[in-house]
1. Find all pairs meeting these conditions: Cβ atoms under 6 angstrom apart; at least six residues apart or on different chains; first residue within the stretch 113-136 and on the phi < 0 side of the Ramachandran plot and more than 13 Å from the ligand (Cβ to nearest atom); second residue of a type in the set (Val, Ile, Thr) and not in a helix (DSSP H, G or I).
2. In the same structural domain as Val266 (by TED's automatic domain parsing) and among the acidic types (Asp, Glu), is that true of Glu353?
3. Only residues that are more than 16 Å from the ligand (Cβ to nearest atom) and farther than 14 Å from Gly80 by Cβ: list them for the stretch 292-327, please.
4. Does Ala244 count as in contact (Cβ under 8 Å) with a residue 24 or more places away in the chain and farther than 16 Å from Val296 by Cα?
5. Filter the stretch 27-40 for residues that are surrounded by 16 or more Cβ atoms within 10 Å (Cβ to Cβ) and within 20 Å of Tyr485 (Cα to Cα) and give the result.
6. Condition first: within 12 Å of the ligand (Cβ to nearest atom) and either under 9 Å from the mean Cα position of the chain (by Cα) or without any contact (Cβ under 8 Å) to a residue 12 or more places away in the chain (or both). Now tell me which residues in the stretch 249-291 satisfy that.
7. In the set Thr412, Thr451, Thr470, Thr430, which member is without any contact (Cβ under 8 Å) to a residue 40 or more places away in the chain, of a type outside the set (A, V, I, L, M) and touching an Asp or Glu at 6+ places or on another chain (Cβ under 9 Å)?
8. Of everything in the stretch 192-229, what is part of a helix (DSSP H, G or I) and in contact (Cβ under 8 Å) with a residue 12 or more places away in the chain? Give them in sequence order.
Amino acid sequence: MTYLNSYFTKTPEKERSSAAIAFFAALDHLYSTAPSVATAIVQELQDQRAFLKMIASENYCSLAVQLAMGNLLTDKYAEGIPGHRFYAGCENVDAIETEAIELLKEIFHVEHAYVQPHSGADANLVAFWACLVKRVQTKEIERLGKKTLDELTPAEYEGVRQLLVNQKILAMSLNSGGHLTHGYRHNISSKMMQAFHYDVDPITGLLDYKSIAKQAQEIRPAILLAGYSAYPRRINFAIMKEIAASVGATFMVDMAHFAGLVAGHVFQGEYNPVPYADIITATTHKTMRGPRGGIVLCTNEYKEFVDKGCPLALGGPLPHVMAAKCVAFREATHPDFAKYAHQVVENARILSEALMQQGVKLVTNGTENHLLIIDVTPFHLTGRHVETALRQAHITCSRNAIPFDKNGPWYTSGVRLGTAALTTLGMGPTQMKAIADMIVAILKATTAAPTANGSSSKSLCSVAPDVLETVQHKVQELLVQFPLYPEIA
Ligand SMILES: *Cc1c(COP(=O)(O)O)cnc(C)c1O
């Protein structure tokens, strides 16, 4: 036990848990080979222990998940699916991947699951292309009287390719809370398909299903996509499915943010996408509380296309990440996970009510999920100002556009806050109210910096030092009560 040992622990060696001893030993080993990397990991742990993590897309996964991810499984190639691999010696990966798939089927009551996508963006690529191959390529091969893609002449294949890249998708606009991978111009999704977007209602900030239905009738997309990164409400998937069916579109749901809320039975009935969607994508690292990664869930109708995600859109699977996913899915089957998911949403509700009681304006005037968006314009600040000021106060969150934002996507007029990570630490209503007070104090104590020509800067700001210091103290007091990874304290 060397350098690292003394660097980040206050617990005497004799009193340490076996997890702590193993963790330090592993880091010590790493330190002897790559001191800069080991030091950065330890520094990251210390930073994460010093700030309130309110980035809505982040969480803390368990040490068990991390252990499953950080090991020799990374050395294995396993292209194909369990029992049908293009490499020898995949028995152990088969066991892990099969278990992960079965757990997802149990958690979500879904017909099929695919656990290879390396991220949420990759899961979306797999889903998009699985839809296109099923809807366009397969039909075209049949129309040409051929059996497989390989039988097509180069000219026939070129015809298929032209058709593939000429399909339409209708999804939520980035501005309204949609994601970059939903047809944003700087993402491949808008280059492989013609992308159309629906907005939220400019007054209520809510989805307007009637206008989505009207747009769908006009556009007649191949894919209707529901899902968001920054929408504080639930989506009625029964209505969305009806809209998709009325125009013959594949109904796809991207539940990257709220997969954990579905797994934890917070979103039920028409708010659970599983009974309605043809194909669902998600990340595993947001509310699912697993390793960084993606998954695709689908009906049996889409199974054979989704299972060919590699080589369709993916490189070889990451067995170590699939192992970590498997551990996280196992954790999600435990009743504690449902309790956790309900507490995440309850915490977000309490936080938003406490903020609104103090006059803070929220997009849609509240939340029904794990996130909320503050409209900071009444404080004469930009989202960037508030993100910076809160970080100085040791509260980490991300700036976010509000619908029809006048400050554009860089400065923005909002900040997005989430409760998934703090709930993992064990925080509840009392802490949410205290945090609301801290946020309001910072909002009131922050002013935009003046520029040389007399206007105010959209990025620079200053926070009253006494308020800043008080909030920093309060954050620290709170975090001492709710330590991150107490097993390795
Ligand atoms: C986070 C997110 C993604 C992308 O996930 P990555 O793992 O970062 O690729 C995709 N879709 C939505 C809606 C998201 O919120």
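1. Sorted first by the residue in the stretch 113-136, then by its partner, the pairs are Tyr114/Val296; Val115/Ile295; Cys131/Ile223; Cys131/Thr250.
2. Considered against the rule, which asks whether it is in the same structural domain as Val266 (by TED's automatic domain parsing) and among the acidic types (Asp, Glu), Glu353 comes out as no.
3. Hits for the stretch 292-327 are Cys298, Thr299, Asn300, Glu301, Tyr302, Lys303, Phe305, His320, Ala323, Cys326, Val327.
4. Here the answer is yes, as Ala244 does meet what is asked.
5. Scanning the stretch 27-40 gives Leu27, Leu30, Ala38, Thr39.
6. Met255, Ala256, His257, Phe258, Ala259, Ala282, Thr283, Thr284, His285, Lys286, Thr287, Met288
7. Thr412
8. Met192, Tyr209, Ser211, Ile212, Ala213, Gln215, Ala216, Gln217, Ile219
The values are calculated or read from the model by the stated rules, or taken from the named source; none is laboratory data. Here the structure is a predicted model, which means the values were calculated and not measured. Here the Cβ is made from the backbone with ideal geometry for all residues, glycine too, and neighbour counts use every protein chain on show.
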